[in-house]
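Undergrad: First the structure, then my questions, so here it is.
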Amino acid sequence: MGAVAKAQTFWRSAVEGLRHQPFVHAVSTITLAIALFTLGLARSAAHELDRLVGSLGGEVRVTVYLDPRATPEARGAVATTLRGRSMAVEEVSPRAALERLVRELGPAAESLRGLSEDPLPPSLEVRVPERMRAPESLRALAVELRGTAAVTGVDYGEQAVERLSAIARAVRWAGWVAFIVLVGATLIIVSATLQLAIYARREEVEIQKLVGATDRFVQAPFLLEGALQGLAGAALAIAGLAVFRQTLSPQLATLLSFLRLPGVAADARPWMEALELALAGAALGLSGSYLAVHRFLRA
Amino acid sequence: MIQMFHVTKAYPGDPPALVDVNLTVEKGEFVFLTGPSGAGKTTLLRLVFCAEPATRGQILVGGRNVARIRQSSVPFLRRNIGVVFQDFKLLPHRTVLDNVALALDVLGVARDEARQRAQRMLKLVGLQLKTESLPLKLSGGEQQRVVIARALVNEPALLLADEPTGNLDPGLTQEIMSLLSDANVRGTTVVVATHDLPMVERSQKRVVRLEKGRIVSDAGGAASVRRVG
């Protein structure tokens, strides 16, 4: 009975607090909404970046050059090993390789006509599954293959893959730094704003403590207010993201079409995104109000 | 109920507010603390309900040593102590009923029961028709009666009142003193700090006089003259 009665008291006190200081709470809520909106956009941008890296990564092919003097069984064993690791392997004979080169060279291929035999070695064109496209994995695969007797060389566009991965890595780090700065700044603004609200109610806190209220009893309504503000901020951010995606995103996609970016896409699971933003909002609001009320009670 | 042994309270840069005070208040007693402004009356009350710690000495309230009490235990001690201030300390945005029920909300008493008990206490102090008023709509005497109702609603063992009649005219002063005496008759130990000497003389209760932080006399009540600390 005591816990239920206290929960009802906290709820009434929180609602009363929100009602009596609408301006202060509106500032907190809007701050939270802006932060969550930015986080939502950043999340979509990160999602797009992953897709871009993934699509470029799909272009990476590993070419394994085989020793023409090796037995067909030895060469076949290399292909079998790679297929056993879920890789798509296409065997390219010296003749097929030459035909491909002739096609690619066009008129300049005339000089190749006088060759008496196929100058190119047999090779394997390997498409690596997504989980193995990291530069480290590709490097390890190349080292392993180069150590095989039937293999004379391996080419996987080493520089391009590593540059792309480095760019993606840098962007992700920058994203994390921006995320931490954004969350930190939001917490500081929200807790400073809520501290104003708490300060305005310092007399109420003093009276509560006079009649025997514990710190937890004093804190609870403020924490509830923080969580409610976070949820309200999340609702505003979700609405803002929906409007942004419907109005500005298609125009952005057109502007950035040269990068093959589809623009800031809606999350594939909008309810999940809404839930995550609501939880993030409640957590930010709770943390901000905890910092504020904790600092006030310790002062 | 209250035992103070060699209690001193000093603030940096000021003369000590209390000096080597020894005082015992028995359960069920009614005691006046008197003395000029700055004598240490308010400080003594603040030490008893743990608003601040003593610089030296020991204070026992209901058998508990408040000098050694953990900060987290202070609220539980205060639930047994009703406090009445001259400046009322009422929540201006809450009704009279809500103000009185606050002391029960803190204890986790169910809302309906808390409101019923607050109603009964307001009836006892003669404010049954003002339950839905806001404090600022009441006269000074009525506000003080609300504070007394709030202090007594959870039936504390000890009631501390700091100048409870300071801003009131003689008629209202008598009313407030009657309420405090009634609480005392019902078993609550009452300590009232006041410099209203005529009221003290009329009451025929124990009077402890403080001057410059020291107890200079302790007379009346159960013993006609007590040991001076």
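Undergrad: Between a first residue in region A:281-294 that is more than 13 Å from A:L224 (Cβ to Cβ) and a second residue that is modelled with pLDDT of 90 or more and surrounded by fewer than 20 Cβ atoms within 10 Å (Cβ to Cβ), which pairs have beta carbons less than 6 Å apart while being 6 or more apart in sequence or on different chains?
TA: As it stands, the answer is A:G281/A:L231, since those pairs meet every condition given.
Undergrad: Any residue in region A:123-139 that is of a type in the set (G, A, S), under 30 Å from A:R169 (Cα atoms), out of contact with any Leu (no Cβ under 9 Å at 6 or more places or on another chain) and part of a helix (DSSP H, G or I)?
TA: From region A:123-139, those of a type in the set (G, A, S) are A:123, A:134, A:137; that's our starting set.
After this cut, where a residue has to be under 30 Å from A:R169 (Cα atoms) as well, the list is A:134, A:137.
Filter again for out of contact with any Leu (no Cβ under 9 Å at 6 or more places or on another chain), leaving A:134, A:137.
Then keep just the ones that are part of a helix (DSSP H, G or I); that gives A:137.
There is at least one residue in region A:123-139 that is of a type in the set (G, A, S), under 30 Å from A:R169 (Cα atoms), out of contact with any Leu (no Cβ under 9 Å at 6 or more places or on another chain) and part of a helix (DSSP H, G or I).
Undergrad: Condition (residue is without any contact (Cβ under 8 Å) to a residue 40 or more places away in the chain and not in a helix (DSSP H, G or I)) applied to region A:152-173: is it met by at least one residue?
TA: no
Undergrad: Here's something else I'd like to know. Could you tell me which of the residues A:L228, A:L252, A:L248, A:L241 is under 27 Å from A:V293 (Cβ atoms), more than 9 Å from chain B (Cβ to nearest Cβ) and under 33 Å from the mean Cα position of the chain (by Cα)?
TA: Checking each option against the conditions leaves just A:L228.
Undergrad: Among the candidates A:S13, A:S44, single out the residue that is modelled with pLDDT of 75 or more, buried (at least 20 other Cβ atoms within 10 Å of the Cβ) and within 14 Å of chain B (Cβ to nearest Cβ).
TA: Sole residue among the options that is modelled with pLDDT of 75 or more, buried (at least 20 other Cβ atoms within 10 Å of the Cβ) and within 14 Å of chain B (Cβ to nearest Cβ): A:S13.
Undergrad: Could you check, for region A:208-219, whether at least one of its residues is over 19 Å from the mean Cα position of the chain (by Cα), touching a residue at least 40 places away in the same chain (Cβ under 8 Å) and surrounded by fewer than 20 Cβ atoms within 10 Å (Cβ to Cβ)?
TA: yes
Undergrad: For region A:1-10, give me each residue that is under 16 Å from B:L91 (Cβ atoms) and facing chain B (nearest Cβ under 9 Å). Quick ask: steps written out before the conclusion?
TA: Here is the first cut: in region A:1-10, the residues under 16 Å from B:L91 (Cβ atoms) are A:9-10.
Selection gives A:T9 alone.
Undergrad: Taking the criterion of being assigned to a helix (DSSP H, G or I), crowded, with 17+ Cβ neighbours inside 10 Å and touching an Asp or Glu at 6+ places or on another chain (Cβ under 8 Å), would at least one residue in region B:91-98 satisfy it? Show your work before the answer.
TA: At the first step, the residues of region B:91-98 found to be assigned to a helix (DSSP H, G or I) are B:96-98.
Checking the rest, the ones that are also crowded, with 17+ Cβ neighbours inside 10 Å come to B:96-98.
With the extra rule that they be touching an Asp or Glu at 6+ places or on another chain (Cβ under 8 Å), the set shrinks to B:96-97.
There is at least one residue in region B:91-98 that is assigned to a helix (DSSP H, G or I), crowded, with 17+ Cβ neighbours inside 10 Å and touching an Asp or Glu at 6+ places or on another chain (Cβ under 8 Å).
Undergrad: Mind checking which pairs have a first residue in region A:9-30 that is outside any helix (DSSP H, G or I) and a second that is buried (at least 20 other Cβ atoms within 10 Å of the Cβ), Cβ under 9 Å, 6 or more apart or different chains?
TA: So the pair list comes out as A:Q21/A:A197; A:Q21/A:R201.
Undergrad: Here's a check for you: in region B:109-130, which residue that is surrounded by fewer than 18 Cβ atoms within 10 Å (Cβ to Cβ) and assigned to a loop (DSSP other than H, G, I, E, B) is nearest to the other protein chains (Cβ to nearest Cβ)?
TA: B:A110
Undergrad: Go over the candidates B:V84, B:V106, B:V31, B:V25 one by one and state the one that is under 16 Å from the mean Cα position of the chain (by Cα) and either small (G, A, S) or within 14 Å of chain A (Cβ to nearest Cβ) (or both).
TA: Of B:V84, B:V106, B:V31, B:V25, the one residue that is under 16 Å from the mean Cα position of the chain (by Cα) and either small (G, A, S) or within 14 Å of chain A (Cβ to nearest Cβ) (or both) is B:V84.
Undergrad: Hey, could you check region A:181-210 for residues that are more than 14 Å from chain B (Cβ to nearest Cβ) and not hydrophobic (A, V, I, L, M, F, W, C) and say which is farthest from B:L90 (Cα to Cα)?
TA: A:G184
The values are calculated or read from the model by the stated rules, or taken from the named source; none is laboratory data. Please read all numbers here as calculations on a predicted model, not as lab measurements. No Cβ is skipped: glycine too gets one built from the backbone with ideal geometry, and neighbour counts run over all protein chains shown.
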